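A.B. asks: What follows is a structure written as structure tokens; I'll ask about it next.
Read-outs: derived from the displayed coordinates by stated rules, not from any lab. The shown structure was predicted, so the numbers you read here are calculated from the model rather than taken from an experiment. No Cβ is skipped: glycine too gets one built from the backbone with ideal geometry, and neighbour counts run over all protein chains shown.
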Amino acid sequence: MHRSPNLGEDVLASDRDVKRADAEAADAALAASGDASAFERLYRAHVARIHSLASRMTSGEHADELTQDVFVRAWEKLSTYRGEAAFGTWLYRLAVNLILGKRATMSRLRERLQNGDEMLQTLPTRAETVDLAVDFESAIERLPDGAKQVFVLHDVEGFKHKEIGAMLGVTAGTSKAQLHRARMALREYVDR
């Protein structure tokens, strides 16, 4: 029988994850009862990932404001956290819902002349001097909304299709289809 040389490290990492989840659940319960210090610990543990999510889902627009809105909403809704999932998962779902709602509001305020697929097609091919990472971010920004959301949640943030489906209110199959659509569009762009 072959053993992984990192088995001990894997067990230690798993123990740390369990302890962190338990500590977060305890902090969530304390914060729900009004403990601002407990909420601050939750905030510090998750603010960077929530800001990254907001930035990627809104092309960087209003990421600071949205991050703040997510944590204000989390404070208001802490009493609804039942501990059935990790606090981070609950917070991400809340963040995705809030960001999608704000994006819908923002998109109604500005007129779009082209849909997402056409925008990707009109993106100029990359110049030899342009950094590929910047080009890739630009291509992600131009993905159609559904494909962009799933791509960010799956390939950037590491969520599974079932979790993404629950966050976005779609089936896991729809999540997979949107991810495929995003990858094909990005591949087409990179190959230009």
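A.B. asks: Identify the GluC sites (Glu not before Pro) of the stretch 40-74 meeting these criteria: DSSP loop state and at most 11 other C-beta atoms within 10 Å of the C-beta.
C.D. replies: Loop-located and lightly packed - none at all.
A.B. asks: Could you work out the local net charge near GLY165, counting Lys and Arg as +1, Asp and Glu as -1, over the other residues with Cβ closer than 13 Å to its Cβ?
C.D. replies: Taking every other residue near GLY165 into account, the sum is +3.
A.B. asks: Could I ask something else about it? Cut-off under 24 Å on the C-alpha distance; same-chain residues fewer than 8 positions from LYS162 excluded. Which lysines are left, in chain and number order?
C.D. replies: Straight-line reach from LYS162, under 24 Å: LYS77, LYS102, LYS148, LYS176.
A.B. asks: Tally Lys/Arg at +1 and Asp/Glu at -1 over every other residue whose Cβ is under 14 Å from the Cβ of ARG93; what's the total?
C.D. replies: +3
A.B. asks: Please give me the summed charge of the neighbours of VAL150: other residues whose Cβ is under 13 Å from its Cβ, Lys and Arg +1, Asp and Glu -1.
C.D. replies: Neighbourhood net charge equals +3.
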